[in-house]
Structure formats: structure tokens, C-alpha cells
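A.B. asks: I have a structure here, written as C-alpha cells, and I will follow up with some questions on it.
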Amino acid sequence: GENVEQHPSTLSVQEGDSAVIKCTYSDSASNYFPWYKQELGKRPQLIIDIRSNVGEKKDQRIAVTLNKTAKHFSLHITETQPEDSAVYFCAAMGAGGTSYGKLTFGQGTILTVHP
Amino acid sequence: GAGVSQSPSNKVTEKGKDVELRCDPISGHTALYWYRQRLGQGLEFLIYFQGNSAPDKSGLPSDRFSAERTGESVSTLTIQRTQQEDSAVYLCASSLAGGSNQPQHFGDGTRLSIL
């Protein structure tokens, strides 16, 4: 089955700096990669996603890049703000076999943005 | 409804009791997913419904766990003879259709505590 590794586990930045979180996946057939933000005690919220036919996607201060050859994808947050502080999860969705339609999540990154 | 709704929001029960958790997906979403999130951990896939059938039950941890879904509506996750290791937040998500490339939207979860 799919295995997703996420790094770093914690990330501390100053307000205004950029933050980068990286994930690798094992199943080359995976074709959908969402990122979720989870604030303490709240539901995971989808912030951006990318499909395997695209190499990069941007939405205001957030961007995601995908390298299918290397099987890794990254979340980039620019001009970070204190309200960006949360746990961020990457995930990969399988495209076939026992992984079809199933999201496998990374272990999460605790991002802290200091004012 | 406007979003995925889960009940109860919190459940405290004694070891050995049965519990039933409920999920109302977003109206029109045919696919429904259950995940478990232990404290400080990532999301662990439990089961996936497409309509009222469950093509993938591979994540259910033991035969004490079962789930059902009525049509393309409400789902219940039942845990029998609860154990302390069942303590976690149980999250439900729904998507417009099952399979790849469909964003999953989460509910607020049920925080289950086994005494």
C-alpha cells in the first residue's frame, strides 16, 4: 500500500518568512495530492491540492509543487502570518488496486509563526 | 447541509461498552470516509463507502469495528466492547464521488474517550 513521509515534524518561522513542508510517497500510481490545515481541536481543512498532470499550483500565498519522477511534493507558504500557525498534513490518493480512492496521510507538520 | 456533520462531538464511556458515532455527509456527496486520529498523530483510514456499499474496509482495526450507511446519506461507525486504545478523534469526510481526484471535506469529528 501507499506510504507517505512528511518533513519536518515541526517548523518555526518568523512572521513574513517563507515555510516549506515536504512529502514523499511510495505508490507511483497515486495521482491526487491534497494539503490540509488543522488548527487545534478543529477539523482538517483543505487548503490546496494538485493532480498528477500538473507540476505546480498556486493560490495567493500558498503553492504546491509535484515531482512525479522523484515521488515528492511540497507545500510553500510565503509571507507567513501568525494565523498560519497550525498542523499541516499532506496526503496521497491511490489510483488503483487496494489504494483506489484512499487518502494516505503524512504524520503532520506543526508550523509556528512568531510575530 | 452546509458541511459534514458529526455527532456526538464528545463521547466518554467505560471500557467494554459499545459506542455509535454518526456522520451526515454534504448533501449530494456519494462517497463517505471514516478516519481515526490519535492524539498528536496523523489521520488513519478506516473505511470508505460509495453509496451504501463499502468497497474498502481494509482500515478497520478489528472485528469490534463496523460501519454502515443508509443510501447516500447518514453513516454510523460502531465500536463494540470498547478498549482504552480506541480513544481518539473519529473523523468523517465526504466527497462528490468516490475514487481519485475528488477533494474530501471533513467534519469536526467525535472525540472518544474510553475510561
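Readers should treat all values here as calculations from the given coordinates under stated rules, not as data from a laboratory. Note that the coordinates shown come from a computational prediction; the quantities given were computed from them, not determined experimentally. Cβ sites come from the backbone with ideal geometry, for glycine too, and all protein chains shown count toward neighbours.
A.B. asks: When a footprinting reagent is the concern and you count Cβ atoms within 10 Å, what order do B:Y90, B:Y33 take, fewest first?
C.D. replies: B:Y90, B:Y33
A.B. asks: Given the range A:17-115, what count of lysine pairs have C-alpha atoms under 24 Å apart, with each pair 8 or more places apart or on different chains?
C.D. replies: 20
A.B. asks: Let me ask you something else. Most mobile of B:L43, B:L91, B:L32 per a Gaussian network model of chain B (Cα springs, under 10 Å)?
C.D. replies: Taking springs between Cα atoms under 10 Å, the residue moving most is B:L43.
A.B. asks: Only Lys, Arg, Asp and Glu count, each charged at its Cβ (+1, +1, -1, -1), so figure out the dipole size of the protein assembly as shown about its Cα centre, rounded to 20 debye. Let's see the in-between values first.
C.D. replies: Values: 22 positive and 24 negative charges, 57 e Å.
Roughly 280 debye for the protein assembly as shown.
A.B. asks: Further, regarding this structure: Can you give me the Kirkwood hydrodynamic radius for the protein assembly as shown, using every pair of distinct Cα atoms, in Å to one decimal?
C.D. replies: Evaluated over the protein assembly as shown, this radius sits at 18.0 Å.
A.B. asks: Here is a follow-up. Rounded to whole Å, give me the distance from the Cα center of the range A:1-43 to that of the range A:64-115.
C.D. replies: 3
A.B. asks: Could you derive backbone 3J(HN,Hα) for the range A:27-34 from the dihedral phi with the Karplus parameters 6.51, -1.76 and 1.60 (θ = phi - 60°), listing whole Hz in sequence and x where the residue is Gly or Pro?
C.D. replies: Computed from phi, the couplings for the range A:27-34 are 8, 5, 7, 4, 9, 9, 9, x Hz.
A.B. asks: Shifting gears a bit: Tell me the Rg and the Dmax, in Å, that the Cα atoms of the range B:22-115 produce.
C.D. replies: My reading of the Cα-based Rg and Dmax gives 12.7, 39 Å.
A.B. asks: When you have a sec, figure out the Kirkwood radius of chain A from all distinct Cα pair distances and drop it here in Å to one decimal?
C.D. replies: 14.1
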